[in-house]
Amino acid sequence: MALLIGAFMIHGVNPGPLLLKDNPVLFWGIITSMYVGNALLLILNVPLIGVFVKILKVPSEIMAPLITVLCFIGAYSINNDVSGVVIVLIFGVAGYLMRKFRYDPAP
């Protein structure tokens, strides 16, 4: 929602209660895109339930390193710079330490 509001402000659209009055085409276009998106997700996800169940059966000893490697690749590919990987490592270590010392994960 914050990204949507930021995009509105960049394009000179004032988000708020007057959005429907000032820009009805934009408002109803967003509502329509949400309905279309939900329908497409339903069409795609129902046949793929079996695949998702099979993914859940992959042991965590295999899944955790795979997710870690994908995170490193994603962090590096943003700017083709190692600084993104270092930031991922820092936050990963911080998350590990917070879990180890039993901090509440919600905040």
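Key figures for this structure:
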quantity	calculated
Residue tally, condition more than 19 Å from M1 (Cβ to Cβ) and of a type outside the set (V, I, T), over region 23-65	19
Lone qualifier among L56, L40, L44 - being farther than 22 Å from G92 by Cβ and either open to solvent by less than 70 Å² (accessible area, probe 1.4 Å) or at pLDDT 95 or above (or both)	L40
Total residues in region 8-39, condition of a type in the set (F, W, Y) and in contact with a Pro (Cβ under 9 Å, 6 or more places away or on another chain)	1
Qualifying residues in region 59-75 (those that are open to solvent by 70 Å² or more (accessible area, probe 1.4 Å) and among the β-branched types (V, I, T)) - the one farthest from G92 (Cα to Cα)	I62
Residue match in region 14-35 (condition: surrounded by 11 or more Cβ atoms within 10 Å (Cβ to Cβ), out of contact with any Lys or Arg (no Cβ under 7 Å at 6 or more places or on another chain) and hydroxyl-bearing (S, T, Y))	no
For I5: the one exception among (1) more than 20 Å from the chain's Cα centre (by Cα); (2) open to solvent by less than 70 Å² (accessible area, probe 1.4 Å)	(1)
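The values are calculated or read from the model by the stated rules, or taken from the named source; none is laboratory data. Quick caveat: nothing in here was measured; it's all calculated off a predicted structure. A quick note on method: Cβ atoms are made from the backbone with ideal geometry, for glycine too, and the neighbour counts reach across all protein chains shown. Please note that ligands, DNA and RNA were not included when accessible areas were found on the heavy atoms of the full protein model with its side chains. Shrake-Rupley method; radii C 1.70, N 1.55, O 1.52, S 1.80 Å.
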